[in-house]
Amino acid sequence: MQRPSLRLSAGGRPVTWLGVNFWSRAGGPLMWRNYDGDLVTGELRTLRDHGLNMTRSFFYWPDFHPEPDRVDEQMCAHYRDFLDRHRELDMTTVPTFIVGHMSGENWDPSWRQGRDLYTDVWLVARQAWFAREMASRFGTHPAVAAWLISNEMPIYGSPPGEPEAGREAVASWAQLMTDAVRAGGARQPVSLGDGAWGLENSGHDNGFRLRDAAGLCDFLGPHVYPMGDDPVRQHYTAAWLCELTGTFGRPVIMEEFGLSSAFASAGSSARYYRQALHNSLLAGATGWVAWNNTDYEDLRHQPPYSHHAFEMYFGVTDSAGRPKAPLKELQSFGALLERIDFGRLRRAGTDTALLVSSYLDTVYPFTRPEDRAQVAQTGRQAWIAARLADAPPAVLRESDGLDGAAPGEPGGAAEPDGPGGVRLLLVPSVKQLRSATWYRLVELARQGTTVYVSYCPGFHDEQRGPWYARLDELFGVTHRLEYGLVDRIEDDEVVLTFRSPLGGLAEGDVLRFRAGRGTESGRAFLPVEPAGPDPAEILAVDAHGRPALLRRRVGAGALLLCTYPLEYLAAVTPRVNPEDTAVLYGALATAAGVRRPVTVNDTRVAVDRLEHPDGRVFVWLVSQSREEVTVEPVLPDGGELLALDGTPAGKVTLEPHGVAVLRLTGAA
């Protein structure tokens, strides 16, 4: 199955953005009032000298649009000079219209007077007029690479504590704003700048829908600043959101990511940037715009920095313009992209897919927000485990259907990768799927897919339990559930002992999973026994001898049921990764015949590949170990791994949280 690798292009050539969000250190959001062009040139040159090729810039709305029917021409003159200075350095920028929200504060033009940004017709017209005016002024400038409508409009249009905007109002506002850019004569790509925070990625409905945006926008841009409790999840969160966003058929740009050095040491800042860059690349991102270019300690008396002190330290350079650790990581990353001709690479196909329940992105009647949150939480954890198993999965949204998931189906999504399609389909810690989907899973198994389902009764006690169609017949079991009750996990550790071999796991092998956390409802298992005319075989039992992993062979494939919510248990456990779900997934991949040209026998290191049209294959080894680790890659299809300079790679030593990029040659 081919994973998304869509790209922006200019002049018929793919474009790779590597840059920063930009406010000059002389003014921050107020930089246009006392514009210092020479300082801007110096700041841009520092970025360019470190391999960056673009910025994202901002029309601070109160300054550029001081009256409903007037644009400030002095501000526009400053911005034109800003563009000219980009051009002189062979850089580009992406202007942002409605700003709006910035760094912990919302900023209104004085004439807004509390009007609603989405539903007040007059105010929407003023916004569209402003976008059209700015597009007409600057749309022909060669330094303009694209346009963004807003900066994080969800928290400007609906600040915390206020009701969320409605989908219809937001979609209409977005349509009018994007139309205004085109009415101004601009032809560059356009996106919303909303952060991709809406229902389809988070389960939280803020009115912005990626499905709607994909119909209007030329690219989609996640903004990612995770607060977490597990270093591995922290390193993969941006990538996971890129993977989810890429399901909507538009190029994905990491439009905002980064960290405040108030919250992170220099060493951890470098590690976070390195992991975010490489993991998001492997998850389909094709552009990166860090937040942001500089620190603002000299603006400590100016809002927003006066009341959000940590906002002064997001820069890739310090307040004197000196490079910080993140800029050096960006420089190294950019040099790699250049060396491997990244603009022409695409993600390698995969035989593994992760099914994301439609209960994430669809508000069904009489369901609760916790249902959606569970899908997002456990989906990310399962996706990470599959990557650490060297079986990086494509993401399939149930709401898009599963017609492309079957092995070898004509016209399906598997076709670009040849016969085989999805050999392993992961359905992790699931409470709810649509009724027809359960029947579809049986069809997929009959056609050759190994379908793995792990049980979860949900986070809360409302209609708690498996919303499965024909559970017993589906898995060849009989369940022993009691109405309204759950079977609590008694132990702080779930132990699975294998009675039969599975992939690389042998009889007697043991996997262990921490289980000390979870809600009263979610921390539960499914009591079953093999039964029926086609009973399942027990592959593994728990510490009490109860069936924990069962398999029913169906046609050319199989359905596997795990009676414990392993992914949920891991998702709610701090500092748990890497954990044994990755080992289980690796065994499932082997049993399903998943093609993995390169693997390593260490779940602290993830393997993935990108392919070039000329036949070159580049292999990434990404370490999640806090210590230096040495691995010896396994090449089941033959071939050889080479360093980029052409020397044999042999064993590979990775620094703590390090990344190695190699070439695979001669594989069958």
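The values are calculated or read from the model by the stated rules, or taken from the named source; none is laboratory data. If you're wondering where the values come from, they're calculated on a predicted model, not measured in any experiment. In this analysis, Cβ positions are derived from the backbone assuming ideal geometry, glycine residues included, and neighbour counts consider all displayed protein chains. The accessibility values were calculated without ligands, DNA or RNA, using every heavy atom of the protein model including side chains. Shrake-Rupley method; radii C 1.70, N 1.55, O 1.52, S 1.80 Å.
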Next on the checklist: Quick check on region 537-557. Is at least one of its residues open to solvent by 30 Å² or more (accessible area, probe 1.4 Å) and acidic (Asp, Glu)?
Outcome noted: yes
Next on the checklist: Restricting to region 481-497, name every residue that is over 18 Å from residue 543 (Cα atoms), open to solvent by 40 Å² or more (accessible area, probe 1.4 Å) and in contact (Cβ under 8 Å) with a residue 12 or more places away in the chain.
Outcome noted: 481, 484
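Residue-wise test of (1) open to solvent by less than 50 Å² (accessible area, probe 1.4 Å); (2) within 23 Å of the chain's Cα centre (by Cα); (3) at pLDDT 95 or above; (4) hydroxyl-bearing (Ser, Thr, Tyr).
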site	(1), (2), (3), (4)
322	no, no, yes, no
327	yes, yes, yes, no
330	yes, yes, yes, no
354	yes, yes, yes, no
369	no, yes, no, no
398	yes, yes, yes, no
404	yes, yes, no, no
412	yes, no, no, no
Checklist outcome for this item: Taking region 437-481 and keeping only residues that are outside any loop (DSSP other than H, G, I, E, B), touching a helix residue (DSSP H, G or I) at 6+ places or on another chain (Cβ under 7 Å) and small (Gly, Ala, Ser), one is left with 454
Next on the checklist: Go through region 515-528 and report how many residues are surrounded by fewer than 19 Cβ atoms within 10 Å (Cβ to Cβ) and either under 19 Å from residue 543 (Cα atoms) or polar (S, T, N, Q) (or both).
Outcome noted: 4
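Listed here are the residues, each with its yes/no results for (1) under 17 Å from residue 223 (Cβ atoms); (2) touching an Asp or Glu at 6+ places or on another chain (Cβ under 9 Å); (3) open to solvent by 20 Å² or more (accessible area, probe 1.4 Å); (4) assigned to a strand (DSSP E or B).
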residue: 259; (1), (2), (3), (4): yes, no, yes, no
residue: 289; (1), (2), (3), (4): yes, yes, no, yes
residue: 307; (1), (2), (3), (4): no, yes, yes, no
residue: 335; (1), (2), (3), (4): no, no, yes, no
residue: 349; (1), (2), (3), (4): no, yes, no, no
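Residues are listed down the side, and each one gets a yes or a no for (1) more than 30 Å from residue 346 (Cβ to Cβ); (2) touching a helix residue (DSSP H, G or I) at 6+ places or on another chain (Cβ under 7 Å); (3) not charged (D, E, K, R):
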residue	(1), (2), (3)
30	yes, no, yes
33	yes, yes, no
56	no, no, no
61	yes, no, yes
88	yes, no, no
92	no, yes, yes
96	no, no, yes
101	yes, yes, yes
Next on the checklist: Being over 24 Å from residue 217 (Cβ atoms) and under 14 Å from the mean Cα position of the chain (by Cα) is the filter here; which residues of region 261-286 pass it?
Outcome noted: 275, 278
Checklist entry - Is region 214-230 home to any residue that is β-branched (Val, Ile, Thr), within 17 Å of the chain's Cα centre (by Cα) and outside any helix (DSSP H, G or I)? => result yes
Item to check | Selected residue [open to solvent by 40 Å² or more (accessible area, probe 1.4 Å) and touching a helix residue (DSSP H, G or I) at 6+ places or on another chain (Cβ under 9 Å)] from 179, 218, 194, 229 | outcome: 179
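Sort through 98, 149, 155 and tell me the only one that's under 18 Å from residue 61 (Cβ atoms), part of a helix (DSSP H, G or I) and in contact with a strand residue (DSSP E or B) (Cβ under 7 Å, 6 or more places away or on another chain). Talk me through it step by step, then tell me what you get.
Details: 98 fails: part of a helix (DSSP H, G or I); 149 fails: part of a helix (DSSP H, G or I).
Just one listed residue meets the conditions, 155.
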Next on the checklist: Can you say whether residue 118 is modelled with pLDDT of 95 or more and open to solvent by less than 10 Å² (accessible area, probe 1.4 Å), as far as the supplied structure shows?
Outcome noted: no
Next on the checklist: Please go through region 197-210 and give me each residue that is out of contact with any Lys or Arg (no Cβ under 7 Å at 6 or more places or on another chain), free of Cβ contacts under 8 Å to residues at least 60 places away in the same chain and either part of a loop (DSSP other than H, G, I, E, B) or open to solvent by 20 Å² or more (accessible area, probe 1.4 Å) (or both), ordered by number.
Outcome noted: 197, 206, 208
Checklist entry - How do the pairs read when you match residues in region 557-583 that are within 17 Å of residue 236 (Cβ to Cβ) with residues anywhere that are hydroxyl-bearing (Ser, Thr, Tyr) and surrounded by fewer than 24 Cβ atoms within 10 Å (Cβ to Cβ), using Cβ under 7 Å and keeping only pairs 6 or more apart or on different chains? => result 578/603; 582/603
Checklist outcome for this item: When region 493-525 is checked residue by residue, the ones that are of a type in the set (Asp, Glu) and over 31 Å from the mean Cα position of the chain (by Cα) are 507, 509
Item to check | Residue selected from region 451-479 under the condition open to solvent by 20 Å² or more (accessible area, probe 1.4 Å) and more than 23 Å from residue 370 (Cα to Cα), by the criterion farthest from the chain's Cα centre (by Cα) | outcome: 478
Item to check | Residue within region 457-477 that is free of Cβ contacts under 8 Å to residues at least 60 places away in the same chain, within 23 Å of residue 358 (Cα to Cα) and aromatic (Phe, Trp, Tyr) present | outcome: yes
Checklist entry - Out of region 631-658, which residues are open to solvent by 40 Å² or more (accessible area, probe 1.4 Å) and closer than 24 Å to residue 234 by Cβ? => result 653, 655, 656
Item to check | Answer from 446, 512, 464 - the residue that is more than 17 Å from residue 565 (Cα to Cα) and charged (D, E, K, R) | outcome: 446
Next on the checklist: Only one of 602, 608 is touching a strand residue (DSSP E or B) at 6+ places or on another chain (Cβ under 8 Å), among the acidic types (Asp, Glu) and open to solvent by less than 10 Å² (accessible area, probe 1.4 Å). Can you tell me which?
Outcome noted: 608
Item to check | Residue satisfying condition, being of a type outside the set (Phe, Trp, Tyr), open to solvent by 10 Å² or more (accessible area, probe 1.4 Å) and in contact (Cβ under 8 Å) with a residue 24 or more places away in the chain, within set 152, 168, 162 | outcome: 152
Item to check | Cβ-Cβ under 8 Å pairs, at least 6 apart or on other chains, region 1-22 side within 26 Å of residue 317 (Cβ to Cβ), far side among the charged types (D, E, K, R) | outcome: 15/7; 16/7; 19/56; 20/56; 21/56; 21/256; 22/43; 22/56
Checklist outcome for this item: Checked pairs for region 365-385, first over 16 Å from residue 576 (Cα atoms) and of a type in the set (A, V, I, L, M), second open to solvent by less than 20 Å² (accessible area, probe 1.4 Å) and not in a helix (DSSP H, G or I), C-beta under 7 Å and 6 or more apart or across chains, list as 373/203; 375/203; 375/356; 375/357; 375/360; 376/203; 376/360
